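Input: a single structure, listed below in structure tokens.
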Amino acid sequence: MTTAGSRPDRTERLVLPGVLTAEQAARTVAGIAAGQREDGAIPWFRGHHLDPWDHVEAAMALDAAGEHERAEAAYLWLARHQNPDGSWYAAYADGDAEAPTDRSRESNFVAYVAVGVWHHYLSTGDDAFLDRMWPTVFAAVEFVLGLAQPGGQIGWKKEDDGTERTEALLTGCSSVHQALRCALAIAEHREEPQPDWELAAGLLAHAIRHHPERFLDKSRYSMDWYYPVLGGAVTGAAAKERIEERWDDFVVTGLGVRCVLPNPWVTGGESCELALALWVMGESDRAVSILQWIQHLRAENGMYWTGYVFADDAVWPEEQTTWTAGSLLLAVAALGGDEATTAVFGGERLPSGLEPDCCG
């Protein structure tokens, strides 16, 4: 891989008034790249752990900034270190594949590789890469669907001893829904139909839209509020109604989005993801405002603090994560019309699966 460096010429498409200049974007990209190991792994920051979902998010941000070699290295790390059952562990110390610190295997962590791989292909047009990664994506999806429940929801995880945690998380399942649609896009591009995946995607979307009782109650968390929209299961008037219903609960004007109620804590990742969800709904002005608000989390080195406790006027925790910076870059890329990013989050060209004839 090339060394980390500031490349404003690659980040001109990431300019957003009040959020990023090309030079600022280049510093943020360089910050993510500096956190990446030589083997391609992207931990939260050096010395912290890597989880597969946030690793992919950071890789997608690198692709959005034109750092395709680094993004490819991140995906090849996943291909090299995939478990025999198609999964990855939930956490690896400093991104060291030989040092897993949480040996459970979470369904949404495993599924997200499909989003990243399709995003990289759309960013590069590299069919050889897609061919190389197809077995990895296929095995990952099969592992995830092994946790599918009769109602369409996907069980949370499989423990190290093989015990299946069949309770389902709405946020995680919404992310899995997006991943299944991207996996279907890859299969369609390869002309390898996967009818079981289509059925699973449709059943999952139906559960998210119509059966909240099939998921654990995590309504205190803002992710459960916006992720059904961000993951593409809830759209149109239903999406707008959902977001408006709890806007005042989670959005702190001028500061960002709370992570969890009632804590007086706004976080960069949740704020950027809500901005992406708003963009998906066609509300770009509100999305831009939120991204402008959270610039108080930007550090001098171009990275972003994870969160801010406004009751105490304190940054907390005192960490700058690759995935927080990555979420900001992806939101800006979507707002700027980056084709690959708009495709995987906008969803208009993604297969939607086969929704069951149910519930009237």
| At 222 nm, what helix-only mean residue ellipticity would the chain give, in deg cm²/dmol to the nearest 500, using -39500 (n - 2.57) for each DSSP H run of four or more? | -15500 deg cm²/dmol
| query | Highest mean first, what order results for 304-314, 41-51 on Cβ atoms within 10 Å? | reply | 41-51, 304-314
| Per-selection Kirkwood Rh - the chain (Cα, Å, 1 d.p.) | 20.1 Å
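Assuming R0 = 30 Å, what is the FRET efficiency of Leu76 and Glu192, from their Cβ-Cβ distance, to the nearest 0.05? Intermediate values should be presented prior to the final figure.
Details: r = 21 Å, r/R0 = 0.71.
For Leu76 and Glu192, the calculated efficiency is 0.90.
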| request: Please compute P(r) over all alpha-carbon pairs of the range 200-300, binned at 5 Å starting from zero, and give each bin as a whole-number percent. | output: 2, 13, 23, 24, 18, 11, 5, 2, 1, 0
| query | What FRET efficiency would be calculated for the residue pair Val315, Asp131, taking the C-beta separation as r and a Förster radius of 51 Å, to the nearest 0.05? | reply | 0.70
| field | Ordering of 232-238, 265-271 by packing [mean C-beta count within 10 Å, highest first] | value | 265-271, 232-238
| message | List the residues, sorted by chain then number, that are 5 or more residues from Trp44 or on another chain and whose placed amide H is less than 5 Å from its amide H. | response | His49, Leu50, Asp51
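Below 8 Å between Cα atoms, with a sequence gap of 6+, how large is the relative contact order for the range 1-126 in percent?
Normalised by residue count, the contact order of the range 1-126 is 23 percent.
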| said: Once you place label points 7 Å from the Cα toward the Cβ at Asp160 and Asn263, how far apart are they in nm? | reply: 2.5 nm
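Taking Cα pairs under 8 Å and at least six residues apart, what relative contact order does the range 8-346 come out at, in percent? Intermediate values should be presented prior to the final figure.
Numbers: 660 pairs, mean separation 62.2, N = 339.
Value for the range 8-346: 18 percent.
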| task | Mind grabbing the base-10 log of I(q)/I(0) for the range 1-70 at q = 0.26, 0.27 Å⁻¹? Debye formula, identical points on the C-alpha positions, no solvent, two decimal places. | result | -1.16, -1.21
| Shape metrics for the range 69-122, restricted to C-alpha atoms - Rg then Dmax, Å | 11.3, 33
| field | Scattering curve values for the range 19-144, log₁₀ I(q)/I(0), Debye with Cα scatterers, q = 0.12, 0.22, 0.23 Å⁻¹ | value | -0.41, -1.28, -1.37
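Quick note: the coordinates plus some simple rules give every number you see, no bench work behind them. For clarity, every value in this text was computed on a predicted model and none was experimentally measured. Every residue, glycine among them, receives a Cβ derived from its backbone with ideal geometry; neighbour counts consider all protein chains shown.
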